[in-house]
Amino acid sequence: MKAIILAGGRGSRLGGLTDSRSKVMLPLAGKPMLSWLLQELEETSVEEAIIVHYYAGERILTHFGSGRNLKINLKFVKQQSDRGTVGSLMTGLTYIDDDDDRVLILNGDNMVDSKSLKSLLNIEGNGLIVSEHNHPHHYGVVEFKGTSVKSITEKPDVNQIRSRMVSTGVWILNKEVLKNIQLEFEEGQTELSTSISKQIKNGLKIEAVRTDNWHDVDHPWDLHKLNQYILKRMERTISPKAEIAESVTIEGDVQIGQGTIIHSGCVIQGPVNIGENCEIGPLTVITGSTSISSGCRIGPFTRIRSSLIMRDVQIDSKCSIHHSVIGPATSLKSNVQVDAGPVEKIVRNTHYPIRRLGLVTGEACMLEQGVICAPGTMLGSQVWVGRRTRLNGEHETGVKLIGGGM
C-alpha cells in the first residue's frame, strides 16, 4: 500500500509562523508536524509515502533526507505550480504503479491516529475518514446513507448545516475514481472534495470511517491544541546527557533532550517537552502542556504554562507566558507579561471563538522589557516592541510598536 501526503501549502492563516517554512514543518512536542503523521503511518500496512511539496519544500527534504530512520520508504516530488489539492494529488500519482489498486491520500497538516488509518485501510472499496466537529461549517459537511457518504457540502452556511460530521480529507480511492478525478482536473477542477462529490452524486460508493482522533491545523490556536494532544500521548524520557540540578522538581510525563541544562530550584510539571541544548532557570516554573524546542534560553523566575515555544527563543527573567505560541528566534526581555483569556478572532469573515489564548508571534520578534500583552495579541515576523508597551490586537510583519496601549 502506498500513501500520498499533500504537503505543499504554506498555511497563510498561520501568519508569520510560516514565513520561512510550510506549516507541516512547524514543531510540535519536539518534532515537525509531518513527523508525527509519518509516525502514525508506520503502524499501518503502508509501505511507502509519497510527499508532495511546493512552498519551502527544501526544509522537508533537508529534515527527512532519505527517510532511513523510518519504517516506511519515502519519496519526494515537487509540485510545479499551486493548482489546489487535485493538482497536488496528480503530482503524487506520477509515483503510483499500475499494480497499485488503491491509494491512501492524506493532508500533511492534519493528524489522525494509526487506529483510524487501519480501519480505513481494512475496508474493501473506497473510503473516507470522518469526524465530529463543533464548527462543521468550516469544513466539508458529510451526510450519510447508512454507513456510506451520501453527500459532502463544502463550508455551508451555518443555517444550512444538517450534520456535525465533517470530512477529514483522509481518503482511500481506487484507480477508477482517480482516473475520473484526473479528467475533472483537465477540465479545470482543482478541489479534491468537489471532484469526489460529483462522483458520489453519480453513484460512487464511499464508505465512512469515524474517528475521534483527528486534528486539523489552520490557525495558531490549532497548533496549540494539537501540541497538547501529542504531549498527552508521550511518556517520560530524560536524556542521561542532560544536566539537571539536584534541587529541580520534575513531576509527570516530561521529556528533556541531551545537552539541556536545568538550573537549581526549577519546577517542571508534565506533560512538558524540552528539546536539546536548552538552558532553563534557575527558579523557573514550566507547567501544563508546554513544548520548548531546541536551543532555547529561559531565564530565572520565569513562568511558562501551556505554551508552544519554537527553536532558538530567548525568554529573560521574570516573564509570565500563558497559552501562547512563540515563533523561532524571538526574544522576550525581562518582565514581559502575557495575559491569556477567551477571545474571538475573525479570519476572512469567519468568527472563531477561542476558549483561551495568549500571545502569538512570528519569527524573530523582539519584545523589550516590561511589555504587557492582552489575550489574543498576534504579531507577524520581525516585529519590534518598545519597553513597557501595552499590546493588543494584530500587527503586521516588520512594524515597530512604541509606548502606551496599542
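Quick look at the numbers
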{"item": "Volume of the Cα convex hull of region 268-344, divided per residue and given in Å³", "result": "76 Å³"}
{"item": "Longest to shortest principal axis, alpha-carbon extents of region 251-406, angstrom", "result": "43, 30, 20"}
{"item": "Dipole magnitude of the chain, debye to nearest 20 (Cβ charges: Lys/Arg +1, Asp/Glu -1, about Cα centre)", "result": "940 debye"}
{"item": "Counting DSSP beta bridges with both ends in region 292-393, the antiparallel % (nearest 5)", "result": "20 percent"}
{"item": "Under the span-like rule (Cα at least 15 Å along the axis, Kyte-Doolittle mean at least -1.0), DSSP H helices of the chain", "result": "175-186, 220-232"}
{"item": "Mean projected area (nm²) of the alpha-carbon convex hull when region 67-145 is viewed from all directions", "result": "7.8 nm²"}
{"item": "Per residue accessible area in Å² of the chain, where ligands, DNA and RNA are left out and the probe is 1.4 Å", "result": "44 Å²"}
{"item": "Furthest towards positive pole of dipole, S320, N273, L26, structure part the chain, Cβ charges", "result": "S320"}
{"item": "Carbon/sulfur fraction of accessible area - region 136-195, other protein chains in place, 1.4 Å, %", "result": "44 percent"}
{"item": "Candidate residues F64, F301: accessible-area rank, largest first, probe 1.4 Å", "result": "F301, F64"}
{"item": "Environment charge at L28 (Cβ cut-off 14 Å; Lys +1, Arg +1, Asp -1, Glu -1)", "result": "+3"}
{"item": "Highest to lowest packing among 202-211, 68-77, scored as the average C-beta count within 10 Å", "result": "202-211, 68-77"}
{"item": "Using a Förster distance of 35 Å, the FRET efficiency for V399-D157 (Cβ separation, nearest 0.05)", "result": "0.45"}
{"item": "Residue among P136, S151, V103 farthest towards the positive dipole end of region 90-159, charges placed on Cβ", "result": "P136"}
{"item": "Span from the region 355-397 Cα centroid across to the region 227-249 one, whole angstrom", "result": "28 Å"}
{"item": "Fraction of accessible area attributable to carbon and sulfur, region 290-406 (%, probe 1.4 Å)", "result": "46 percent"}
{"item": "Kirkwood Rh and Cα Rg combined as Rg over Rh, evaluated for the chain", "result": "1.00"}
{"item": "Debye, to nearest 20: dipole size of region 43-134, +1 on Lys, Arg Cβ, -1 on Asp, Glu Cβ", "result": "380 debye"}
{"item": "Beta bridges by DSSP in the chain, antiparallel share as percent, to the nearest 5", "result": "30 percent"}
{"item": "For region 55-207, alpha-carbon Rg and Dmax in angstrom", "result": "16.2, 50"}
{"item": "Environment charge at S264 (Cβ cut-off 15 Å; Lys +1, Arg +1, Asp -1, Glu -1)", "result": "-3"}
{"item": "Over the chain: helical MRE at 222 nm, DSSP H runs n ≥ 4 each giving -39500 (n - 2.57), nearest 500", "result": "-5000 deg cm²/dmol"}
{"item": "Cα-centred dipole magnitude for region 161-231, charges only on beta-carbon of K, R (+1) and D, E (-1), debye, nearest 20", "result": "340 debye"}
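The values are calculated or read from the model by the stated rules, or taken from the named source; none is laboratory data. Since we're looking at a predicted model, the values are computed, not measured. Neighbour counts run over all protein chains shown; Cβ positions are idealised from the backbone, glycine included. Only protein heavy atoms, including side chains, enter the accessible area calculation; ligands, DNA and RNA are left aside. Shrake-Rupley method; radii C 1.70, N 1.55, O 1.52, S 1.80 Å.
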